[in-house]
Structure formats: structure tokens, C-alpha cells
1. Just to verify a number: FRET efficiency for residue 27 and residue 47, C-beta to C-beta distance, R0 = 25 Å, to 0.05?
2. Expressed as a fraction of 2.2 N^0.38 Å, the rule-of-thumb size for a compact globular protein of N residues, what is the C-alpha radius of gyration of segment 37-85?
3. As a test question: what accessible area, to the nearest 10 Å², does residue 4 have when a 1.4 Å probe is rolled over all protein chains in place?
4. Multiply the residue separation of residue 10 and residue 60 by 0.36 nm, subtract the distance between their alpha-carbon atoms, and state the gained length in nm to one decimal.
5. Using amide H atoms built in the peptide plane, which far-off residues or other-chain residues are under 5 Å from residue 94 H to H?
6. What is the list of residues in segment 61-83 whose amide nitrogen lies under 20 Å from a point 7 angstrom out from the Cα of residue 38, following Cα to Cβ?
7. On the full set of protein chains, 1.4 Å probe, figure out the accessible area of residue 42 and give it in Å² to the nearest 10.
Amino acid sequence: MTARSELTRSLLEVLGRIPGLRPATPATTHVGSRVPWNLDTMAVGIDEEVIEIRVVALALPLPPILREAEAALRAALKETGWKDARLRLVVCDIDAAALTPVVHASDAGA
């Protein structure tokens, strides 16, 4: 296993402990679900200067969730060769379930 693949695995483990976010991965079919690797790794891009993690928001509001994720992910980078890399969290989508409470709250006031 390479240092990048180990870091990817570590970052995905950290992300998995953050309520309200999940890795943004391509939609799969029954064929795609049988690939021999973790599709979540496709949500992580690592180069020398930037680590980009693409996520789907499962809850709102986003700012406190993203701050929690940034702090946890930055801590995971602390003892790695990427400790000085920029960390970029990209919200690619918002799950419809995250919007349901917002829609119901606005309906209640009407």
C-alpha cells in the first residue's frame, strides 16, 4: 500500500465519523458495485500541495459541519508528509433528506 492510499483510507475513516457528510462517489449499478476497491476513494484527490475531498451533505446547516470536518481531517494530516497541504472540502451535492426539515419548517409557517 502506498503512502497516498494509506492517507486516503485514513481520511475516509475520519470523514466517516463526521455526522452530516459522506464521500461523493459516482452512482453505481450492479456492475459498479462489484469493483475490487472502495469506490469512496474516488472522492479523495491528493497531490503535493492540495488534498481535495468531495462530499455530499446529509444535513444542514453546512458551516458547522464543515468546520468539524476540517478540524478532524486537519488533525489526521498532522503527522503526515501532507501536514502543510491545503485542505479543500468540496460539497458536490446535498442529499434530499437534508432539505426535508427545511421544507417542512417553511410549510408550517404558511
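The values are calculated or read from the model by the stated rules, or taken from the named source; none is laboratory data. The structure displayed is predicted, hence computed values, not measured ones. Positions of Cβ are backbone-derived with ideal geometry, glycine not excepted, and every protein chain shown enters the neighbour counts. Accessible surface areas use protein heavy atoms only, side chains included; no ligands, DNA or RNA. Shrake-Rupley method; radii C 1.70, N 1.55, O 1.52, S 1.80 Å.
1. The pair residue 27/residue 47 has a calculated efficiency of 0.45.
2. Here the Cα radius of gyration is 1.26 times the empirical estimate.
3. 90
4. 15.5 nm
5. It is 57, by chain and number.
6. Counting only backbone N, you get 69-83.
7. About 90 Å², ignoring ligands and nucleic acids.
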